[in-house]
Structure formats: C-alpha cells, structure tokens
Amino acid sequence: MSNMQNLYLLVPLAPLVGAIAAGLFGKVLGRTWTHRITISLVAVSFLASLAIFQDVLAGHQYNGTVYKWMTSGDTSFEVGFLIDRLSVMMMLVVTFVSLMVHIYTIGYMQEDPGYQRFFSYISLFTFSMLMLVMANNFMQLFFGWEAVGLVSYLLIGFWYTRPTAIYANLKAFLVNRVGDFGFLLGIGLVLMVFGTLDYASVFANVHRYVNDMAPIPGVSWNLITAICILLFIGAMGKSAQFPLHVWLPDSMEGPTPISALIHAATMVTAGIFMVARMSPLFELSETALSFVMVIGAITALFMGFLGIIQNDIKRVVAYSTLSQLGYMTVALGASAYSVAVFHLMTHAFFKALLFLAAGSVIIAMHHDQDIRNMGGLRKYMPITWITSLIGSLALIGTPGLSGFYSKENIIEAVRLSHLPGSGFAYFAVVAGVFVTAFYSFRMYFLVFHGEERFGKEVHHPSTSSGQAHAPAAHAPVAHVVAHTDAHHPSTGSGQAIAHDDGHSPDAVHEEHHGLAPGQKPHETPWVVWLPLVLLAIPSVCIGFITIEPMLFGDYFKDAIYISHAHHALAEMREEFHGAFAMIFDDLTELPFWLALAGVASSWFFYMKRPDIPAAIKQRFEGVYTLLDNKYYFDRFNDWFFAGGARGASRFLWKFGDVNLIDGVMVNGTARLVGRLSGVLRNMQSGYIYHYAFSMIIGVFVLLTIRTWFE
C-alpha cells in the first residue's frame with residue numbers, strides 16, 4: 001500500500017481502536033486514560049482527514065478496493081474507499097464535530113458510571129459514519145448505514161434503567177427499520193439490474209436503463225425512478241423526513257453530547273449525503289426529484305411549527321434539526337446537491353453548537369431542561385450566552401454568518417426550479433424562515449434574557465411534548481445532591497452536578513429538580529465551553545470562506561452530476577457576484593425581513609407582552625392541542641401499527657396457536673387417535689373365531705375391490 005492508502009485506512013481505524021480500547025479495557029484504563037486515548041485517536045483521524053483534504057485539493061483522488069470480503073457467483077462484496085471532494089468534506093465535518101463532542105463529554109459525563117462505555121460508543125459511532133461516507137460501493141454503504149443505526153440505538157438508550165429511554169431507542173430502531181427496508185430493496189434492485197454494487201460501474205451504465213421498467217410485479221414504474229424512490233425511503237428514515245420523522249424528538253432521551261453528534265452533523269445527514277452521492281441516478285428521474293422535494297418541504301415547514309410550542313430546551317433544537325433537514329432535502333429535489341451538502345456542512349457546526357450550549361445550560365440549571373424555569377442566564381453564563389447567540393443567528397440565516405449563505409441559496413434554487421411541487425416547496429421554505437427565527441429566539445430570550453425564573457415554581461414537561469412516552473412506565477426517582485459551591489478544585493470554573501445515582505444532568509427525571517431557592521447558575525468548566533467556542537468560529541465564517549468554491553466553483557465537479565435539463569444552479573452561478581455582494585443583495589429580499597420579523601415577534605411576545613402567547617394559546621386551543629400532540633402521528637402509529645401488530649399477534653395466538661395448532665393439530669389428533677383406539681379396543685375380544693371372521697371379511701373386501709378395478 002502507498003502512504004496515502006495507509007492514511008485512508010487510518011481515518012476510520014483510529015476511532016475503531018479507541019472504541020475497542022474504551023469498551024474492552026475501560027475499567028483497566030480508568031476514566032482519565034479512557035478519554036485521553038479516545039480523544040487522541042479521534043484527533044489523529046481529524047488530522048489525517050486534513051492531510052487527505054490537502055491531497056484531494058491538489059487533484060488526487062482514489063477509488064479502490066481495500067479488502068474483498070466475499071464472492072458469490074460473479075458478484076464480489078468488497079470493502080473499498082472512494083476519496084473525492086465530497087467524501088473528504090464529510091470526513092472533515094464528522095471528525096471535527098466528533099472531536100468537539102469527545103472533549104465536551106469529559107465535563108458533561110464526568111460523574112456518570114458509564115463514562116468509559118459512553119466514550120466507546122461515540123468512538124464506534126465515528127468509525128461507522130466514516131465507513132459510510134468513504135464507501136465506494138453499496139455493500140459498504142449499507143454496512144455503515146446499519147452500524148450508525150445500531151450505535152444510535154445504544155446511545156439513545158444509554159441510560160437503560162429509564163423506561164422512557166428504552167422506549168425512545170426502540171422507537172428509533174423500529175422506525176429506521178421501515179426506511180432501511182426500502183433502502184435494502186433499492187440496493188437489491190441495483191444488484192439485480194446492474195450485476196454489481198460498485199458506484200463507478202453503476203453510474204457508468206445507468207444511461208442504458210433510462211427507459212426500462214422496474215421488474216416489480218403489479219406496478220408499471222420506471223426502473224430508475226423505482227431505484228431512486230426506494231433508496232430515498234432509506235434516507236427518509238435515517239434523515240428523519242416526514243412521515244418517518246417521529247423517532248428523532250424522542251431520541252433526546254439520550255445524553256446531550258450524542259444529540260450533537262448524531263442529530264446535528266453525522267447520522268441524520270447520512271441520508272442527505274447518500275442522495276448527493278447518488279446524483280447520477282436521481283438526475284435521470286424527475287418523478288423521484290419531485291417526490292424528494294415535496295417530502296422535504298413538508299418536513300421543513302410542519303416540523304418547524306412544532307418547535308414553537310416546545311418547552312424542553314433540547315426538543316426545541318431537535319425540531320429545528322428536523323426542519324433544517326427538510327431544507328437540505330428540498331435542495332436535493334431541486335437538483336442543487338452542492339447547496340444541500342453546503343447546508344449540511346454549515347448546519348453541522350451551528351447545530352452542534354446549539355446542542356452543546358443547551359447541555360451547558362442544563363448543567364448550570366442542575367438538569368432542569370424546561371425553558372420556562374430559566375431566564376436571565378446571560379450574566380451568569382457569558383460564554384454559553386454569546387456562543388448560543390452566534391448559533392441562533394447562524395440558524396436563522398443572519399447575513400454574513402454561515403447559515404445565511406447556505407439557506408439563502410436553498411431558497412433561490414427552489415425558486416428557480418420548474419419541477420412539479422416546486423411552488424409548494426418555495427412557499428414552505430420561505431415561510432419556514434419566519435417560523436425558524438420565531439422559535440429559535442423564543443428559546444434564546446426565555447433562557448438568557450428577562451426575569452430570573454429559576455428557584456421559583458417549577459414546570460414539568462408534559463408527556464406529549466416534553467418526554468418520550470413510555471406506556472405504563474415511570475422514570476425512576478432520584479434525589480439531587482445539592483451543590484452550593486459553584487466551583488470545583490480540579491477545574492476552578494464549575495462542575496457538572498452529581499447525583500446520588502452517579503448520573504449526569506439529564507440522566508433521570510427527578511421529582512425535585514432545578515436550582516434550589518437561593519442558588520445561582522454559573523458558567524460550566526472549560527472542557528464544556530471550549531468546544532462551544534471552537535464550534536462558534538466556523539458557525540461565523542465557514543460559509544463566507546467556502547461558498548464560492550463549493551457552490552459556484554468547480555469543487556464538486558467530479559463528485560456530483562447535474563443534468564443540463566436542471567439549470568437552477570447554473571442560473572444562480574450567473575447571478576452570484578461574491579460573498580460580500582450577497583449580503584447587501586439579501587437586505588432587500590423577503591427572507592431577510594421574515595427572519596427579522598420572527599426575531600422581533602418573539603422578543604415582543606416573550607419579553608414585553610407574555611400575556612399575548614397565553615391568549616393566543618387559549619384562543620386557538622385546538623391548533624395548540626394538534627401541535628402539542630405532534631399532529632397525532634405517535635398516537636396513530638401506536639394505534640394502527642403497534643396496536644395492529646398486537647391485535648394480529650393476539651389473533652394468531654388465540655386462533656392459530658391455541659385453536660388450530662393446539663386444539664386441532666395436537667390435541668385434536670390426540671383425541672381422534674383416542675376415539676379410534678376406543679373403537680378398535682372393542683374389536684379385541686380375545687376369541688379366535690372373531691379374528692377368523694374378520695380375516696374372511698377382509699379378504700372378501702379386497703377381492704371385491706380388485707374385481708371392480710379390473
């Protein structure tokens with residue numbers, strides 16, 4: 001192997017070694033050496049990704065097999081890497097955000113008894129995601145796809161003694177299986193038609209099958225359309241698109257660091273990356289593109305509405321993630337793949353920042369996550385405050401910040417699209433600008449400004465919108481160990497709050513939680529706020545620096561294919577006059593004023609006239625109930641799918657098992673044999689002449705039958 005090939009291997013294998021070390025030898029290594037080893041190895045992966053990035057920018061790419069796993073007939077199943085500008089960008093994002101989360105975890109999970117196990121899981125997740133984005137074939141893509149799903153299941157249910165966490169990870173696992181079933185069917189169709197799972201071979205031959213029909217009994221679908229829609233169903237599950245979005249909000253039951261790692265930069269963006277990678281397929285089916293666009297538009301707008309009424313700080317950010325994933329999906333449907341991936345990158349930084357900042361607030365509030373119990377934290381937590389403000393401004397698309405460049409170009413790409421459904425999609429993404437600004441700054445103002453509400457009446461999140469709903473189950477009760485000292489000798493700047501069960505701030509939902517009367521919040525330790533600062537930097541400037549090469553240059557020229565029939569990005573390129581000019585041009589556009597109106601409305605409603613939201617809630621109680629119950633998707637799924645499965649199981653048990661198998665086949669057979677035996681028993685008289693007479697009758701019957709058939 002060449003030096004560069006060794007470097008390619010180093011990127012995913014370094015986190016894998018860290019995961020094995022922490023998982024198998026964590027108790028021997030202890031807490032300190034566990035986080036030192038895992039963080040160092042993720043840092044090695046990040047530095048290796050940087051070196052590969054420089055090599056790719058110099059014009060070098062790689063597409064080759066690392067290991068042949070299995071051969072079946074004429075088909076080979078291989079582990080291989082495709083290193084191009086798309087994959088190396090994803091490698092940088094995944095390793096950098098993962099590194100920040102690893103560092104943050106030192107402070108956040110410091111008192112948790114599963115400390116080493118958590119580091120093992122997040123390192124294993126990093127390995128799985130890197131295998132996914134570096135894959136050069138569908139088999140390895142599917143391996144990474146399922147591996148991140150498995151590790152997310154372990155992380156969401158990390159606190160496995162909590163019924164709500166177990167319910168949430170089971171829900172995530174099952175919903176993703178629905179999407180993965182479609183994904184697997186799509187891969188199977190690719191293998192059946194093309195005879196290979198290698199990306200390059202499939203893309204090179206796809207034009208030969210443009211007019212073919214899918215070999216699916218009972219339907220008349222175009223082959224490429226069928227493959228694309230089936231693959232996208234997998235993306236709908238992994239990237240939480242309507243109607244397979246229901247798992248993501250409940251996944252907030254896991255520790256906050258994994259909310260940033262899984263739900264900001266990595267797992268939920270896997271579907272976006274996959275569709276961008278499959279652009280040579282999707283560009284040949286406008287039906288599939290329209291389907292993608294409409295699904296993304298529904299997710300972007302209607303999930304944003306749900307963020308308005310959330311009171312759990314992590315769930316506000318979670319619904320924001322759903323909405324922004326919808327924006328990325330809309331861009332994919334508009335054939336603006338580079339814009340979608342660009343928003344994926346910028347979103348990874350500011351959304352990871354917002355999740356980790358939410359965790360910092362949770363630590364300071366002694367694991368109280370209800371924003372109605374906060375307020376005025378700005379003066380107590382200056383670093384968390386300023387970084388949260390930066391993240392919120394980037395999220396709403398403030399001119400000059402990273403989210404502005406990606407979000408505005410998504411809106412413009414949809415405006416220029418002529419595909420069926422583009423009109424609705426344009427309305428959804430424009431209206432979503434106001435909604436995003438409103439709920440983002442509602443959270444910001446309620447947490448950091450206004451009156452100090454901590455240490456007073458405590459609000460408990462409702463089951464419908466605040467917690468994962470675990471039927472007939474209650475979270476265990478623990479007691480808070482009160483800490484009046486705001487500093488810890490080892491850190492000098494504050495400490496994560498410990499509990500008598502050793503869990504971290506959001507490990508359990510206690511009857512008594514939050515700051516006690518007289519207690520004041522304080523800034524978190526440096527291992528918590530340092531990742532916030534490091535994530536805030538790209539949240540400010542990465543969009544300005546990279547927009548020209550990534551969107552309007554030739555950065556993705558060999559990684560993403562766009563048909564000449566889809567010219568939205570080409571028109572945008574002609575209208576682009578530089579990053580600075582784009583700022584000033586936006587000041588006259590509708591999205592800017594909608595974002596400004598959203599911020600102003602949230603300030604007025606929650607800082608000046610808090611009676612207005614209460615009056616609106618009372619006046620539109622039906623709408624509020626609909627939103628509070630998340631459009632009743634969970635109830636429908638529980639009734640139709642879960643209830644239907646239980647009903648079918650009950651029927652199969654009572655009719656199939658009890659009545660048919662036990663009643664007829666087993667016990668019925670036994671009863672029949674018993675009755676026949678009773679009859680035959682009466683014929684066993686013991687008299688020889690009875691037996692002789694029976695033999696004569698038998699011979700007569702046999703001779704009669706023979707005569708008839710002759």
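The values are calculated or read from the model by the stated rules, or taken from the named source; none is laboratory data. What you see is a predicted model, and the numbers here were worked out from it, not measured in a lab. Methodologically, a virtual Cβ is constructed for each residue, glycine included, from the backbone with ideal geometry; neighbour enumeration extends over all protein chains shown. Keep in mind that these areas ignore ligands, DNA and RNA; they rest on the heavy atoms of the full protein, side chains included. Shrake-Rupley method; radii C 1.70, N 1.55, O 1.52, S 1.80 Å.
Going residue by residue through the stretch 83-94, is there one that turns out to be of a type in the set (D, E, K, R), within 24 Å of Ala270 (Cα to Cα) and either at pLDDT 90 or above or not in a helix (DSSP H, G or I) (or both)?
yes
Any residue in the stretch 180-194 that is in contact (Cβ under 8 Å) with a residue 60 or more places away in the chain and in a helix (DSSP H, G or I)?
Looking for residues that are in contact (Cβ under 8 Å) with a residue 60 or more places away in the chain and in a helix (DSSP H, G or I), one finds at least one in the stretch 180-194, hence yes.
Where in the stretch 593-710 are the helices (runs of 4 or more DSSP H), entirely inside, with at least 3 residues that are aliphatic (A, V, I, L, M)?
Those helices (runs of 4 or more DSSP H) span 611-619, 621-628, 667-683, 688-709.
Tell me, please, whether a residue that is in contact with a His (Cβ under 9 Å, 6 or more places away or on another chain), part of a helix (DSSP H, G or I) and buried (at least 24 other Cβ atoms within 10 Å of the Cβ) can be found in the stretch 329-344.
yes
Quick one: Met303 ticks every box in (1) touching a His at 6+ places or on another chain (Cβ under 9 Å); (2) crowded, with 24+ Cβ neighbours inside 10 Å; (3) outside any helix (DSSP H, G or I) bar one, so which box is it?
(3)
Do any residues in the stretch 236-263 that are in contact (Cβ under 8 Å) with a residue 40 or more places away in the chain have Cβ atoms under 6 Å from those of residues that are assigned to a helix (DSSP H, G or I) and among the aromatic types (Phe, Trp, Tyr), where the two are at least six apart or on different chains, and which pairs are they?
From residues that are in contact (Cβ under 8 Å) with a residue 40 or more places away in the chain, the pairs are Val246/Phe633; Pro257/Tyr104; Pro257/Tyr108; Ser259/Phe355; Ala260/Phe355.
Quick check on the stretch 604-656: of everything there that is open to solvent by 60 Å² or more (accessible area, probe 1.4 Å) and among the acidic types (Asp, Glu), which residue is nearest to the chain's Cα centre (by Cα)?
Glu621
Output yes when any residue across the stretch 225-235 is at pLDDT below 85, of a type in the set (A, V, I, L, M) and surrounded by fewer than 24 Cβ atoms within 10 Å (Cβ to Cβ), and no when none is.
Checking the stretch 225-235: not a single residue is at pLDDT below 85, of a type in the set (A, V, I, L, M) and surrounded by fewer than 24 Cβ atoms within 10 Å (Cβ to Cβ).
So is Ile83 more than 26 Å from Leu344 (Cβ to Cβ), more than 22 Å from the chain's Cα centre (by Cα) and hydrophobic (A, V, I, L, M, F, W, C) or not?
no
State the number of residues belonging to the stretch 287-308 that are among the polar types (S, T, N, Q), in contact with a helix residue (DSSP H, G or I) (Cβ under 6 Å, 6 or more places away or on another chain) and touching a residue at least 60 places away in the same chain (Cβ under 8 Å).
Summing the residues that are among the polar types (S, T, N, Q), in contact with a helix residue (DSSP H, G or I) (Cβ under 6 Å, 6 or more places away or on another chain) and touching a residue at least 60 places away in the same chain (Cβ under 8 Å) in the stretch 287-308 gives 1.
When only residues in the stretch 345-382 that are among the charged types (D, E, K, R) and within 26 Å of the chain's Cα centre (by Cα) count, which is surrounded by the fewest Cβ atoms within 10 Å (Cβ to Cβ)?
Only one residue tops the list, namely Asp370.
For the stretch 266-280, indicate whether the set of residues that are modelled with pLDDT of 90 or more and among the charged types (D, E, K, R) is non-empty.
Checking the stretch 266-280: at least one residue is modelled with pLDDT of 90 or more and among the charged types (D, E, K, R).
For the stretch 524-573, name all the residues that are surrounded by fewer than 22 Cβ atoms within 10 Å (Cβ to Cβ), over 22 Å from His418 (Cβ atoms) and polar (S, T, N, Q).
Answer for the stretch 524-573, where residues must be surrounded by fewer than 22 Cβ atoms within 10 Å (Cβ to Cβ), over 22 Å from His418 (Cβ atoms) and polar (S, T, N, Q): just Thr546.
Yes or no, residue by residue, for (1) open to solvent by 40 Å² or more (accessible area, probe 1.4 Å); (2) more than 17 Å from Val599 (Cβ to Cβ); (3) not hydroxyl-bearing (Ser, Thr, Tyr):
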| residue | (1), (2), (3) |
| --- | --- |
| Thr384 | no, yes, no |
| Thr387 | no, yes, no |
| Leu395 | no, no, yes |
| Arg415 | yes, yes, yes |
| His418 | yes, yes, yes |
| Gly423 | yes, yes, yes |
| Tyr426 | yes, yes, no |
| Gly432 | no, no, yes |
| Val435 | no, no, yes |
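Out of Ser98, Ser120, report the one residue that is open to solvent by less than 10 Å² (accessible area, probe 1.4 Å) and either more than 15 Å from His263 (Cβ to Cβ) or not in a loop (DSSP other than H, G, I, E, B) (or both).
Ser98
List the residue pairs whose Cβ atoms are under 6 Å apart, where the first residue sits in the stretch 39-61 and is within 18 Å of Gln5 (Cβ to Cβ), the second is open to solvent by 50 Å² or more (accessible area, probe 1.4 Å) and in a helix (DSSP H, G or I), and the two are 6 or more positions apart or on different chains.
Ala48/Leu10
Taking the criterion of being touching an Asp or Glu at 6+ places or on another chain (Cβ under 7 Å), open to solvent by 10 Å² or more (accessible area, probe 1.4 Å), modelled with pLDDT under 85 and part of a loop (DSSP other than H, G, I, E, B), would at least one residue in the stretch 574-591 satisfy it?
Among the residues of the stretch 574-591, not one is touching an Asp or Glu at 6+ places or on another chain (Cβ under 7 Å), open to solvent by 10 Å² or more (accessible area, probe 1.4 Å), modelled with pLDDT under 85 and part of a loop (DSSP other than H, G, I, E, B), which makes the answer no.
Look at the stretch 14-28 and say how many of its residues are of a type in the set (A, V, I, L, M, F, W, C), over 23 Å from the mean Cα position of the chain (by Cα) and open to solvent by 10 Å² or more (accessible area, probe 1.4 Å).
6
Suppose the filter is part of a helix (DSSP H, G or I), of a type outside the set (S, T, N, Q) and surrounded by fewer than 24 Cβ atoms within 10 Å (Cβ to Cβ); does Ile258 pass it?
No: the conditions fail for Ile258.
Between a first residue in the stretch 70-89 that is open to solvent by less than 10 Å² (accessible area, probe 1.4 Å) and a second residue that is in a strand (DSSP E or B) and not aliphatic (A, V, I, L, M), which pairs have beta carbons less than 7 Å apart while being 6 or more apart in sequence or on different chains?
Gly80/Gly64; Gly80/Thr65; Gly80/Asn137; Phe81/Tyr62; Phe81/Gly64; Ile83/Tyr62
If you check Leu189, Leu185, which single one turns out to be open to solvent by less than 20 Å² (accessible area, probe 1.4 Å), more than 29 Å from Lys314 (Cα to Cα) and modelled with pLDDT of 90 or more?
Residue meeting the stated conditions: Leu189.
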